[in-house]
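Okay, structure first, notes after.
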Amino acid sequence: MSTAISSRPVDVVDVVSAQRYFPSGATQRLETCHLQQWGLSLECPTPDDPSHAGEITWLLPELGLRLTQYRPRSRHARRGSSLMTAARIEQDMRSWTVTDLFLGLEIAEHGTARVIRSEDFAAAVSGGSIRPSEADYALHTVLRTFDELRLHRDLNQWLAHRGVSDLW
C-alpha cells in the first residue's frame, strides 16, 4: 500500500556556486556543474552510500527529464541502470529548479526500459500534490520516451537522436 505524498521534491541547482539545495535545507557541493547545449550536467560524490561513489545527473529541460546514473565504488563493479524521471525544469541565468513528477523509467545497461515509481505517482495524483495537467505531462513524457527508447534499443542512440551528442 502506497503512502500519500503531500509534497514533491524540488531541488535548486545554483550554477554559479555549483551547489544543489534541497527542500530539507540540505546543501550538496557539486564536483561538476556544466551548462550544455542540451541542458545541464552535474556530478557529485555520495559519501554516505556504501555502493556508489558518485551520482551523475543530466537535466534535459526540453524533454522534461532528469537522467541519473550512479558511479560504483569499485572499478570492477558493473554499471547500474540509468534512471529517468519526468520533471518540470525551470532555469534562469543563475539557477535551475527541478520539480520531480514521480513517474520515471529504469533503463538497464544494454537492456530494456521499465516504468518505475508508478505507485508514488498515483499517490501524488490522488493526494492532489500533482495537478492533473502535470500528471498528463508526466505520463505523456514517460510513455513517449519509453516508446522512443524501444525503437532505438540503446540509451546513447536515443540521446543522439534527441540531439545530445555526449555519451552517457
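Key figures for this structure:
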| read-out | value |
| --- | --- |
| Theoretical FRET efficiency, 1/(1+(r/R0)^6), r = Cβ-Cβ of Ser95 and Arg131, R0 30 Å, to 0.05 | 0.85 |
| Gaussian network model of the chain, Cα within-10 Å springs - most flexible of Leu139, Leu101, Leu59 | Leu139 |
| Solvent exposure of the chain as accessible area per residue, Å², 1.4 Å probe | 56 |
| Heavy-atom accessible surface of the chain: percent carbon and sulfur, 1.4 Å | 52 |
| D_trans [Stokes-Einstein, Kirkwood Rh over alpha-carbon pairs] for the stretch 46-85, 25 °C, 0.890 mPa s, µm² s⁻¹ | 224 |
| Along each principal axis, Cα extent of the stretch 60-146, largest first, Å | 44, 34, 22 |
| Given charges at Cβ of Lys, Arg, Asp, Glu: the stretch 1-160 dipole, positive-most of His76, Gly104, Ser51 | His76 |
| Proportion of all alpha-carbon pairs of the stretch 95-166 beyond 19 Å (%) | 43 |
| Convex hull of Cα atoms in the chain, direction-averaged projection (nm²) | 10.3 |
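The values are calculated or read from the model by the stated rules, or taken from the named source; none is laboratory data. Predicted model, so just to flag it, every value in this text is computed and none were measured. Here Cβ is always computed from backbone atoms with ideal geometry, including for glycine, and neighbour counts include all displayed protein chains. Keep in mind that these areas ignore ligands, DNA and RNA; they rest on the heavy atoms of the full protein, side chains included. Shrake-Rupley method; radii C 1.70, N 1.55, O 1.52, S 1.80 Å.
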